[in-house]
Amino acid sequence: MIAYIANLGVLLGIAVILASSLNLMVGYAGIFSVAHAVFYGVGAYAAAKIALGVTDSFLLATAVAMFVSGAVSFLLAVPVLRVREEYFVVASIGFQVVASTIFTSWHAVTGGMGGLAGIPPARVLGWQLTSPVEYLILTAVCMVLVLAFIAVLVKSPFGRALKAFRDDEVAATALGKDPLALRVAATTISGALAAVAGSIYAFHVSFVNPESFTLDYSVMILAMVIIGGAGSLAGPIVGAVFITAFPALLNFIEMPSRYVGPVEQLIYGASIVLLMVFWPNGLASIWRLLRPRRPVQAAGGGTER
């Protein structure tokens, strides 16, 4: 039972990292992408190749994975972000399809559908990780570091400039900011952070293949951001918990396995529709509605109720 909970916690931490990194694009830069699983996959494959051929050091493998994934996202962003936002969504879908084909067909690097197996356990500062609990601790530390980095970034001048372009590009451009440079930087950082999740995944399961980095999973990551609430630090966390924990709850319900997938998709879709209608700011915004209102101070010194 402890191993099951620890493994679920690792998957939850990976989901939080992915959703939070995508939120940097969707929530703060206003760039809707349906290809985030690509950067997750690039990070996983890069970390796996380093672990299999160079060293089992988690820190070194993750650094290489972040560099490679950041470079791939930069190469995507520079030409594609010149188009209008709605066309970027279509372009990102095309990029996801192309990347999935490469993951499947480039046998020399990815191993094709057979994937890369036998990835050794991660080593962190000389400590070899062998148990699910140790991987849970590693995932929690990485998740906190990623969330802290994003929190500092969005409150920095760079983050404020991103939000300014998201809200009013014309006014922000008039202040002398370059929208393309800002959005390319946001996309590159987002892709690099997604690679952290990919590296954790590769070491944790000791196996990487294309089935984990599909268009369906890209849509699911985007759903985490939307359901939780884009443009807030808590939103992706709430969305990741909702989408990751829900399938685990279904395991405790007596239901034929062939119905589990359709039921999950039905509930995810219904959740997005209901949230867009009743709570467009996501689940993370509901607590504001439930929070008791403070009494308003009247001009004469009393309080209005």
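The values are calculated or read from the model by the stated rules, or taken from the named source; none is laboratory data. A quick note: this is a predicted structure, and the numbers were derived from the prediction, not measured. Every residue, glycine among them, receives a Cβ derived from its backbone with ideal geometry; neighbour counts consider all protein chains shown.
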Residue among 52, 24 that alone is farther than 13 Å from residue 198 by Cα and out of contact with any helix residue (DSSP H, G or I) (no Cβ under 7 Å at 6 or more places or on another chain): 52
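Against the definition (part of a helix (DSSP H, G or I), within 24 Å of residue 45 (Cα to Cα) and over 18 Å from the mean Cα position of the chain (by Cα)), how does residue 75 come out, yes or no? Write out each step before concluding.
Values: part of a helix (DSSP H, G or I): yes; within 24 Å of residue 45 (Cα to Cα): yes; over 18 Å from the mean Cα position of the chain (by Cα): yes.
So residue 75 fits the description; yes.
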Lone unmet requirement of (1) within 17 Å of residue 196 (Cα to Cα); (2) surrounded by 12 or more Cβ atoms within 10 Å (Cβ to Cβ); (3) among the aliphatic types (A, V, I, L, M) for residue 148: (2)
Test set (1) modelled with pLDDT under 90; (2) assigned to a helix (DSSP H, G or I); (3) touching a helix residue (DSSP H, G or I) at 6+ places or on another chain (Cβ under 9 Å); (4) surrounded by fewer than 22 Cβ atoms within 10 Å (Cβ to Cβ) - residue 177 fails condition number: (2)
Selection from the range 103-132 of residues that are part of a loop (DSSP other than H, G, I, E, B), out of contact with any Asp or Glu (no Cβ under 6 Å at 6 or more places or on another chain) and within 20 Å of residue 68 (Cβ to Cβ): 106, 111, 115, 119, 122
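To keep it simple, each residue is scored yes or no on (1) more than 17 Å from the chain's Cα centre (by Cα); (2) in a helix (DSSP H, G or I); (3) surrounded by fewer than 24 Cβ atoms within 10 Å (Cβ to Cβ); (4) in contact (Cβ under 8 Å) with a residue 40 or more places away in the chain.
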site	(1), (2), (3), (4)
5	yes, yes, yes, no
11	no, yes, yes, yes
17	no, yes, no, yes
34	no, no, yes, yes
38	no, yes, no, yes
43	no, yes, no, yes
Residue match in the range 230-242 (condition: at pLDDT below 90, surrounded by 15 or more Cβ atoms within 10 Å (Cβ to Cβ), touching a Phe, Trp or Tyr at 6+ places or on another chain (Cβ under 8 Å) and under 14 Å from residue 18 (Cβ atoms)): no
Residue match in the range 52-60 (condition: of a type in the set (D, E, K, R) and outside any helix (DSSP H, G or I)): yes
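For residue 125, indicate whether it is within 27 Å of residue 218 (Cα to Cα) and not hydroxyl-bearing (Ser, Thr, Tyr).
So residue 125 fails the test.
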Tabulated pairs, the range 219-247, first more than 15 Å from residue 8 (Cβ to Cβ), second hydroxyl-bearing (Ser, Thr, Tyr), C-beta under 6 angstrom, 6+ apart or interchain: 223/268; 227/271; 229/285; 236/20
Cβ pairs under 7 Å, 6+ apart, first in the range 100-112 and farther than 19 Å from residue 218 by Cα, second β-branched (Val, Ile, Thr): 112/104
Residue within the range 96-115 that is more than 18 Å from residue 188 (Cα to Cα), at pLDDT 90 or above, under 20 Å from the mean Cα position of the chain (by Cα) and not hydrophobic (A, V, I, L, M, F, W, C) present: yes
Number of the condition not met by residue 187 [criteria: (1) over 18 Å from residue 61 (Cα atoms); (2) more than 22 Å from the chain's Cα centre (by Cα); (3) of a type in the set (S, T, N, Q)]: (2)
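With the condition kept exactly as written, say whether any residue in the range 190-201 is among the aromatic types (Phe, Trp, Tyr), at pLDDT below 95 and farther than 13 Å from residue 23 by Cα.
Initially, the range 190-201 is screened for residues among the aromatic types (Phe, Trp, Tyr), giving 201.
Okay, now just the ones that are also at pLDDT below 95, so none.
No, that holds for no residue.
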Test: residue in the range 40-59 that is modelled with pLDDT of 95 or more, out of contact with any strand residue (DSSP E or B) (no Cβ under 6 Å at 6 or more places or on another chain), farther than 25 Å from residue 125 by Cβ and of a type in the set (A, V, I, L, M, F, W, C): yes
